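The values are calculated or read from the model by the stated rules, or taken from the named source; none is laboratory data. Quantities reported herein were computed from a predicted structural model and do not represent experimental measurements. Cβ placement follows ideal geometry from the backbone for every residue including glycine, while neighbour counts extend to all protein chains displayed.
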Amino acid sequence: MTATTDGSTEALPPRAPSASDATAETTASSPSVPQDTDAAARRATERATDFLLSLQDDAGWWKGDLETNVTMDAEDLLLRQFLGIQDPRTTEAAARHIRGEQRADGTWATFYGGPGELSATVEAYIALRLAGDAPDAPHMAAASAWVREQGGIAAARVFTRIWLALFGWWKWEDLPEMPPELIFFPKWFPLGVYSFASWARQTIVPLTIVGAKRPVRPAPFAVDELHADPAHPNPPRPLAPATTWDGVFQRLDKVLHHYRKVAVPGLRRAAIRAAERWIVQRQENDGCFGGIQPPAVYSIIALHLLGYDLKHPVLRAGLESLDRFAVWREESPGGAPVRMVEACQSPVWDTCLATIALADAGLPTDHPKLVKAADWMLAEEVTKPGDWAVRRPGLAPGGWAFEFENDNYPDIDDTAEVVLALRRVEHPDPDRVDAVVRRAARWTAGMQSKNGAWGAFDADNTSPFPNRLPFCDFGEVIDPPSADVTAHVVEMLADLGLAHHPRTRRGIAWLLAEQEADGSWFGRWGTNYVYGTGSVLPALAAAGIPGSHAAVRRAVGWLERVQNEDGGWGEDQRSYKDRRWHARGASTPSQTAWALMGLLAAGERNGEAVRRGVRWLVENQLPDGSWDEPYFTGTGFPWDFSINYHLYRQVFPLTALGRFVNGGPPDAPARA
């Protein structure tokens, strides 16, 4: 065992671990693999193409489940308890899912195979108490004992303690303060609403109302068993030196607590009204807020506290949107239902990636299913300004969001990939496609940050201060540029013939400067260095950077060095907090595909690393043409919030195999 950076002990895998048990179990039933890697890859590509086509919705989109962790399910039950809308069927189905995710030691992790996590365990435990599980049941006693060993509720994250405060299980005065007057701060202010990332501001604004109201609904039971010392549930936390940023912001929080006592009532009421308007104006057509679960949940609570009853159109639509985030399954044929809550839904992202995969696999560019996918993506274009316009007020809109409905927050990554997908389709109305692509390219280019790179939702969202607030102790709350998003934009601009445009060259220069000493690139939105490197190399190739370039050779050497003994690639979520985990982990289909996409772009098709990686994908393909992937290879917040995109295991292996078989991404259909 080795100690990790947080002081826990976790076994560090060898440099080249074998395939996961889940994958190994399926290998025996996979079709036999011919000695000829090329022939095997062609057969695997055909099977994967047929399987992916079978998943397309009649409307033209693809969407895989977006799996995160049980805090989504626990908070859904807590919301229903707070609003008084519990129903036995939902509660029991959610509880089955939560119990099924519990680890042998009684804890809950935030990703497959990960260590127990305190806040997730606290929230899961309380959700099961709400579902009727007795605290002395073996699985519950094991969980509460572990929580006490870790410091109890007092050591949990702020958002967990906010949920507990709603029921009197924690004191509001013992939480960091975020006053609603924040809404009045100037847009340029380093701690104003727009200094936070889009996902954070959508969460913080409603929470300022909740924090101002400090509601407490009677708790149905006590949770003394979750305190390390029930007589002193909240021991004082050490104050950092005033000469440090942590110390400065701790003292600022004390000032804000004092301000609450002396706040001018009229100003406080005006701030709450302004925050209310801000929230309602950002509700989407489908009723959701920002297309993601946390802002939706807190917005519903905030508006309910302001007098919106559950039949009000805003709240009714919001609750209905949350119901659409629920995935219902049966534990076994004819078994009891299980309910998992998605944190978000990814149809635009999944559809553009599926379109790219199928086109690169050799599906005719005018295939009816590709045209139908293109039609759906064209209809999803965002044509109105959103929060991004605060920093780019003169920029015309044009792009795509991640979800079915999220017009306030189109994102740069989706937009780049949708453009790449649309340009792979021979659409019957090319002029329409060209007009949409031009708008998207103009908007994306205009969202470039000062340093030459691109973030996900905003330009220049780089203030260092929001992350320092005691309130913001969970995940990223700013949206600085990243290598993976920048790479996708560079690849898109190059595909449009703009490889030598000044904006593209600045993006390339930033990417080259961001390369790690070992030759890899950090992956912000996928795990991790394998994703970053697998994103950057195709972009550099598309922009005309030769395979002989020193940066490309360093990246190729790194990918070859970190390849697993079984021929695949894998990287655990722990790589975000501990360098010893970089590119270490069981081989997965998506991460193996990312590495292959990078190597193929660098001209390594005939290299031994590529052929071993291709053979791994072929050998681990299931008979129906799919792959299995229990590991989490997507990233919401590095380390803090991990994602298993269920379609990643299909689209990326098909993309890699298609490029291996066909020699790379196809040329875009000719444009007038």
Hits in the stretch 93-150 (condition: more than 16 Å from ALA74 (Cα to Cα), of a type in the set (Asp, Glu) and assigned to a helix (DSSP H, G or I)): GLU149
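To keep it simple, each residue is scored yes or no on (1) within 21 Å of TRP349 (Cα to Cα); (2) surrounded by fewer than 17 Cβ atoms within 10 Å (Cβ to Cβ); (3) of a type in the set (Gly, Ala, Ser); (4) free of Cβ contacts under 8 Å to residues at least 40 places away in the same chain.
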{"site": "PRO385", "(1), (2), (3), (4)": "yes, yes, no, yes"}
{"site": "ARG391", "(1), (2), (3), (4)": "no, yes, no, no"}
{"site": "ARG423", "(1), (2), (3), (4)": "yes, no, no, no"}
{"site": "ASP429", "(1), (2), (3), (4)": "no, yes, no, yes"}
{"site": "VAL437", "(1), (2), (3), (4)": "yes, no, no, no"}
{"site": "GLY452", "(1), (2), (3), (4)": "no, no, yes, no"}
Residue match in the stretch 124-145 (condition: crowded, with 19+ Cβ neighbours inside 10 Å, in contact (Cβ under 8 Å) with a residue 12 or more places away in the chain and within 25 Å of PHE465 (Cβ to Cβ)): no
Restricting the stretch 46-93 to residues that are in contact with a Pro (Cβ under 9 Å, 6 or more places away or on another chain) and small (Gly, Ala, Ser), the residue that is surrounded by the most Cβ atoms within 10 Å (Cβ to Cβ): ALA48
Selection status of ARG214, among the charged types (D, E, K, R) and either more than 30 Å from ALA131 (Cβ to Cβ) or modelled with pLDDT under 95 (or both): no
Flag if LEU363 is more than 22 Å from GLY64 (Cβ to Cβ), aliphatic (A, V, I, L, M) and part of a loop (DSSP other than H, G, I, E, B): no
Test: residue in the stretch 384-405 that is assigned to a strand (DSSP E or B), within 30 Å of MET447 (Cα to Cα), not assigned by TED's automatic domain parsing to the domain that holds GLY290 and not basic (Lys, Arg): yes
Qualifying residue in the stretch 424-434 (condition: under 21 Å from the mean Cα position of the chain (by Cα), modelled with pLDDT of 95 or more, of a type in the set (A, V, I, L, M, F, W, C) and not assigned by TED's automatic domain parsing to the domain that holds PHE325): no
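If you check GLY475 against the conditions, is it out of contact with any Lys or Arg (no Cβ under 6 Å at 6 or more places or on another chain), modelled with pLDDT of 95 or more, among the small types (Gly, Ala, Ser) and not in a helix (DSSP H, G or I)?
Details: out of contact with any Lys or Arg (no Cβ under 6 Å at 6 or more places or on another chain): yes; modelled with pLDDT of 95 or more: no; among the small types (Gly, Ala, Ser): yes; not in a helix (DSSP H, G or I): yes.
No: the conditions fail for GLY475.
Yes/no per residue for (1) out of contact with any strand residue (DSSP E or B) (no Cβ under 7 Å at 6 or more places or on another chain); (2) closer than 26 Å to LEU83 by Cβ; (3) in contact (Cβ under 8 Å) with a residue 60 or more places away in the chain:
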residue	(1), (2), (3)
GLU330	no, no, no
ALA361	yes, no, yes
ALA396	yes, no, no
GLU405	yes, yes, yes
